[in-house]
1. Could you list, in sequence order, the residues of the range 292-305 that are surrounded by fewer than 18 Cβ atoms within 10 Å (Cβ to Cβ) and over 12 Å from L265 (Cα atoms)?
2. Sort out which residues of the range 372-392 are more than 13 Å from L257 (Cα to Cα), of a type outside the set (A, V, I, L, M, F, W, C) and out of contact with any helix residue (DSSP H, G or I) (no Cβ under 8 Å at 6 or more places or on another chain), and write them in order of number.
3. Scan the range 272-288 and tell me whether some residue there is of a type in the set (A, V, I, L, M, F, W, C) and outside any helix (DSSP H, G or I).
4. Residues being loosely packed, with under 15 Cβ neighbours inside 10 Å, part of a strand (DSSP E or B) and in contact (Cβ under 8 Å) with a residue 24 or more places away in the chain: count how many of those fall in the range 376-386.
5. Counting just the residues of the range 332-368 that are among the charged types (D, E, K, R) and surrounded by fewer than 16 Cβ atoms within 10 Å (Cβ to Cβ), which one comes out modelled with the lowest pLDDT?
6. Does E262 count as farther than 20 Å from A358 by Cβ, modelled with pLDDT under 95, of a type in the set (D, E) and out of contact with any Asp or Glu (no Cβ under 8 Å at 6 or more places or on another chain)?
7. Exactly one condition in (1) farther than 16 Å from R241 by Cα; (2) not assigned by TED's automatic domain parsing to the domain that holds L180 is not met by D134; state its number.
Amino acid sequence: MVRIILNGCNGRMGTVLTDLVAKTTDMQVVAGIDVFELPRDYPVFSSLADCDVKADVIIDFSSPKGLGTWLPVAVERKLPVVVATTGMDGEQLKLLEEASNRIPLFQSGNMSLGINLVQQLLQSSAKVLGDRFDVEIIEKHHNLKKDSPSGTALMLADSINSVRVNKYRYVCGREGGDTLRKNDELGIHSLRGGTIVGQHEVSFAGQDEVITIGHQAFSRQVFGTGALAAARYVVRMRPGRYSMQDMINESSAVTTLYSYPEEVLVSIDHLPRDMEVISGLYEVLAKNDIFIDMISHTGATNGYISVSFTIKSKDQDKTRKLLQQMVSENTQIKFDIMDNITKLTVEGPGMEFQSGVAYRVFSCMAKAGIPIYAVTTSESKISYVSPSKDVDRAVAIIKEEFGI
């Protein structure tokens, strides 16, 4: 059970979170912090310093003005924090940075999962479109929102700037008779009215075409759901500063699992470190239409290397004959062919940004006593071969480990 202290419990988002937590089975609001009084099912204190209730995490949906008062108390009590408040100035952001050296601190300009996925789309688009397209952002919020532009709009602008060599200069609105758009501008425009929860639209405007990427929140529940997910995440972390992107990357570290049965592992030892011999090996295999995968070369100091790769079981006999011919011409070469194996591949877009994925894969296989005979990796993929008899067990273990 994750015990929550809700800072700003009597505000709009505080009410949303109170209702959401009441519907969960793994979380509980044990105390609230607010200067305004409203009846709650949990005790409410006027400050965190006055709160004597034990908790696991603080979720802050209050005002940036009070940050310097309650954050030092959280640091002193070593309480992880989720900061969902926007509109912070440089000094307040500095306080967050300093606090993250001592406690786990999660902070995002927008707690919506969707808006954070939009960030990734914007970065990909900015890389491709470059300076050929002008970029403008329009953000819309209710008529009670105090800060402008919104923290989310700035977050989206920053994500675009993060992949650019020449950074954009933000221009918030335009007025006057000489406002001709400059090439280094990124325009941000704010609309305020009614009860709009939050709309953000980013336009890439080029010659005779416009690409628009947008997000619309229909209720505040999307922010509350994101904040609760952040709380579950940050209570497991070490001191440091974390963002929605970190959480997304962790959850997307492994999203897909494939299995390829009827594989055969070929291992060749004592192969001369001679590129003509090595390329000759692959040439013979290619000319005989043998598809090879999971290629691995292991160097040695004595002038020889070891090579391994996988092939399809249907090509096993053909490959054996070709290697026997090679051995007859180079008697120092040894080879071995292992069948009844399956290749398993785990893949995920977040693997590139999440450390420890390989460790989790290999350690859970080790604990289950499932051997791994060969491994290849890339930025977003790990492939390995294991005995076919263990595949069903291995698949079940990986699915449980990564929640897929």
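1. H297, T298, G299, A300, T301, N302, G303, Y304
2. Answer for the range 372-392, where residues must be more than 13 Å from L257 (Cα to Cα), of a type outside the set (A, V, I, L, M, F, W, C) and out of contact with any helix residue (DSSP H, G or I) (no Cβ under 8 Å at 6 or more places or on another chain): Y373, T376, S378, E379, P387, S388, K389, D390.
3. Filtering the range 272-288 for residues of a type in the set (A, V, I, L, M, F, W, C) gives 275, 277-278, 281, 284-286.
If we keep only those that are outside any helix (DSSP H, G or I) as well, we get none.
Within the range 272-288, not a single residue is of a type in the set (A, V, I, L, M, F, W, C) and outside any helix (DSSP H, G or I).
4. As a first pass, look at the range 376-386 and keep what is loosely packed, with under 15 Cβ neighbours inside 10 Å: 377-379.
If we keep only those that are part of a strand (DSSP E or B) as well, we get 377-378.
So of that shortlist, the ones also in contact (Cβ under 8 Å) with a residue 24 or more places away in the chain come out as none.
Final tally of qualifying residues: 0.
5. E352
6. Working: farther than 20 Å from A358 by Cβ: yes; modelled with pLDDT under 95: yes; of a type in the set (D, E): yes; out of contact with any Asp or Glu (no Cβ under 8 Å at 6 or more places or on another chain): yes.
Yes.
7. Unmet condition: (2).
Conditions (1) touching a helix residue (DSSP H, G or I) at 6+ places or on another chain (Cβ under 7 Å); (2) β-branched (V, I, T); (3) crowded, with 17+ Cβ neighbours inside 10 Å, marked per residue:
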position	(1), (2), (3)
D147	no, no, no
S150	no, no, yes
N166	no, no, no
D184	no, no, no
H200	yes, no, yes
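The values are calculated or read from the model by the stated rules, or taken from the named source; none is laboratory data. A quick note: this is a predicted structure, and the numbers were derived from the prediction, not measured. So basically every Cβ, Gly included, is an ideal-geometry build from the backbone, and we count neighbours across all protein chains shown.
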